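Laboratory data are not the source of any read-out in this text; all were calculated from the coordinates shown. Computed from a predicted structure; not experimentally measured. Note that each Cβ is placed from the backbone with ideal geometry, even for glycine, and that neighbours are counted across all protein chains shown.
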Amino acid sequence: MTKKVCVLGLGYVGLPTACMFAVQGYHVVGVDVKREVVETISKGSIHIEEAGLKTMLQAAINSRNLVARNEVEPADVFIIAVPTPLAPDKRADVSFVESAARSIVPVLARGNLVVLESTVPPGTTNGLLCRILSETGLNPGVDFHVAHSPERVLPGNVFSELVSNDRVIGGITPESAQLARDLYMSFVEGEILLTDSTTAEMVKLTENTFRDVNIALANELALIAAEYGVDIFSVVALANRHSRVNVHQPGPGVGGHCIPVDPWFIVENSNEAGKLIRRARELNDSMPERIVQLVEHVVGPAQDAKISVWGVAYKGNVDDTRETPAAPIVHLLRKRNYKISIFDFHVRNFECEIDSLESAVNASDAILLLADHKEFKYLDPHVIGQKMRRRIVIDTRNCLDPAKWKGAGFDFHLLWKKL
């Protein structure tokens, strides 16, 4: 008998995961609390941007293996893929995980498998999740099975990474881990590595904390390089030619649903330990203010100055604005009375209005590039410059060709280095 899988949360991870199981022949019920999301998916349309998602979704729906609902249904497997945002006190907000778990309780049956994919603090699967599921009167690890399998995918390349990435699965018992492995083997071609649930939780947090600390190092090096008048991107590129060196890229800050959030999860219950991690987070969080100071230095006092902000996604070639450094940068610039006009090739919904390219650059004094969308590389600086009041570019992502823009009469600034 084909297993029925219920996926709770139809966002950037949950929806592609639901589609993957559906095209493998599982009967999948995708559940989301947002009615408009369910209605959109049921029509074969998508509410998020992801390469190949619409085609995959339509194939899953046409096969009748995927339906979208607002309510949880009985199933053999439940996969929780809901957000775990950062609370104001810098602790994990696990309320969505808790709510998802409670919605499973009325339909949980003996022999079921519950997999938590959401990124959570160590101990959540074996603690909070199992306590809630135990309200059924069933015994976790005996009457039903529980595992943690953290998602490890990159927005914009989700389907490829769902298949090819190695996957860590941690069970509350060895049998729970084995059952989860058997489930994911239906589409995962990478190696599946089994461990316990708390170790699996720590693995995901360690991956993103490493990246955050590495980016903090790059950003600090960028500040030091500026004191010497050195192009930090050249420094990083040349340093990385050493086979044992892998310095990440500096930039305007760190965004996305993982890297600026997960390090706080790993230290939230640690007092003495975690000082380096906390310092890295604070340094990366300080970058938006430093970028605004750079704008003030290059452009001058606000007065009537207009800044054309290019790209508000947290990274290039996606529409994801979660924790994007562009948000505080725009807020701080407006607070200093700069006129702001925003253009983004991918983002349609943002806290501020997204303008057309022509409107964004018209009569502007400077371009502030915050997301390295590939489309920016192909814009004609001569055409852009004709619409501007002053020709200034501040490229925080090493996206544009300096020679090309300088040739069009632009003052070109690569982070703190004027080229």
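Taking the square root of 5 times each eigenvalue of the Cα gyration tensor, what semi-axes in Å does the equivalent ellipsoid of the chain have, largest first?
Those come to 43, 24, 18 Å.
In order along region 143-160, phi translates into HN-Hα couplings of 8, 8, 10, 9, 9, 10, 10, x, 5, 9, 10, 9, x, x, 9, 4, 5, 4 Hz, rounded to whole numbers, per the Karplus curve 6.51 cos²θ - 1.76 cosθ + 1.60 with θ = phi - 60° and x for Gly and Pro.
Each Lys and Arg adds +1 at its Cβ and each Asp and Glu adds -1 at its Cβ; summed about the Cα centre, the chain shows a dipole of about 840 debye. From its DSSP helices (H runs of at least four residues, each -39,500 (n - 2.57)), the chain gives a residue-normalised ellipticity at 222 nm of -11000 deg cm²/dmol.
Restricting to the chain, what percent of DSSP beta bridges are antiparallel, rounded to 5?
About 10 percent, rounded to the nearest 5.
Basic side chains Lys and Arg get +1 at the Cβ, acidic Asp and Glu get -1 at the Cβ, and with that the dipole of region 344-419 about its Cα centre reaches some 400 debye.
Working note: Karplus 6.51/-1.76/1.60 with θ = phi - 60° gives region 312-318 the couplings 10, 5, 6, 8, x, 6, 9 Hz, where Gly and Pro are set to x. Net charge near Glu39: determine it from the other residues with C-beta under 12 Å of the C-beta of Glu39, scoring Lys and Arg +1 and Asp and Glu -1. Combined, the nearby Lys, Arg, Asp and Glu give +2.
Please arrange Lys315, Lys404, Lys374 by counting, for each residue, the other beta carbons lying within 10 Å of its beta carbon, fewest first.
Lowest to highest Cβ neighbour count: Lys374, Lys404, Lys315.
Using only alpha-carbon positions in region 4-204, the gyration tensor eigenvalues give semi-axes of 24, 18, 18 Å once each is multiplied by 5 and square-rooted (largest first). In the chain, a dipole from Cβ-located charges (positive for Lys and Arg, negative for Asp and Glu) runs towards its positive end, and of Ala371, Ser164, Val67 it is Ala371 whose Cα lies farthest in that direction. Taking the fewest neighbouring Cβ atoms within 10 Å as the starting point, the ordered list for Tyr228, Tyr314 is Tyr228, Tyr314. In this label model, Lys275 and Arg69 are separated by 5.3 nm, measuring between points 7 Å along each Cα→Cβ vector. With neighbour counts taken as other beta-carbon atoms within 10 Å, the residues His297, His145 rank, fewest first, as His297, His145. Helix 53-62 and the longest principal axis of the Cα set of the chain meet at an angle near 30°. Of the residues Ser149, Gly229, Val114, the one whose Cα sits farthest toward the positive end of the charge dipole of the chain, with +1 on the Cβ of Lys and Arg and -1 on the Cβ of Asp and Glu, is Gly229. Rounded to the nearest whole Hz, the Karplus-based 3J(HN,Hα) values (6.51 cos²θ - 1.76 cosθ + 1.60, θ = phi - 60°) of region 10-26 follow the sequence 10, x, 5, 10, x, 5, x, 5, 4, 5, 4, 5, 5, 6, 8, x, 6, with x at glycine and proline. The residues packed around Asn70, meaning those with a beta-carbon under 11 Å from its beta-carbon, carry a net charge of -2 if Lys and Arg are +1 and Asp and Glu are -1. Which one, Leu193, Val383, Ala81, is farthest towards the positive end of the dipole of the chain when Lys and Arg carry +1 and Asp and Glu -1 on their Cβ? Toward the positive end, the furthest listed residue is Val383.
Within region 287-418, what percent of beta bridges assigned by DSSP are antiparallel, to the nearest 5?
Given both bridge residues lie in region 287-418, the antiparallel proportion sits at roughly 10 percent.
Using the average count of surrounding beta-carbon atoms within 10 Å as a protection proxy, the listed peptides 344-356, 169-181 rank, highest first, as 169-181, 344-356.
In terms of its alpha-carbon gyration tensor, region 317-403 comes out oblate; a/c meets the 1.5 threshold, while b/c is at least as large as a/b. Amide H contacts of Thr195 (H built 1.01 Å from N, in plane; Pro and chain starts excluded): Ile169, Gly170, Gly171 sit under 5 Å, all sequence-distant by 5 or more or on other chains. Packing-based ranking of 204-216, 257-269 yields 257-269, 204-216, ordered from highest to lowest mean Cβ neighbour count within 10 Å. One equal scatterer on each Cα of region 60-156, no solvent, Debye formula: the resulting log10 I(q)/I(0) at q = 0.13, 0.16, 0.17, 0.21 Å⁻¹ is -0.49, -0.72, -0.81, -1.12. The Cα center of region 301-350 and the Cα center of region 208-246 differ in position by 25 Å.
Residues of region 111-130 with an amide N closer than 19 Å to a point placed 7 Å from the Cα of Glu98 along the Cα-to-Cβ direction: 116-130.
When a/c is below 1.5 the answer is rounded, else prolate if a/b is larger than b/c, else oblate, so apply that to region 93-238 with a ≥ b ≥ c taken from the square roots of the Cα gyration tensor eigenvalues. Prolate is the answer for region 93-238, as a/c is 1.5 or above and a/b outweighs b/c.
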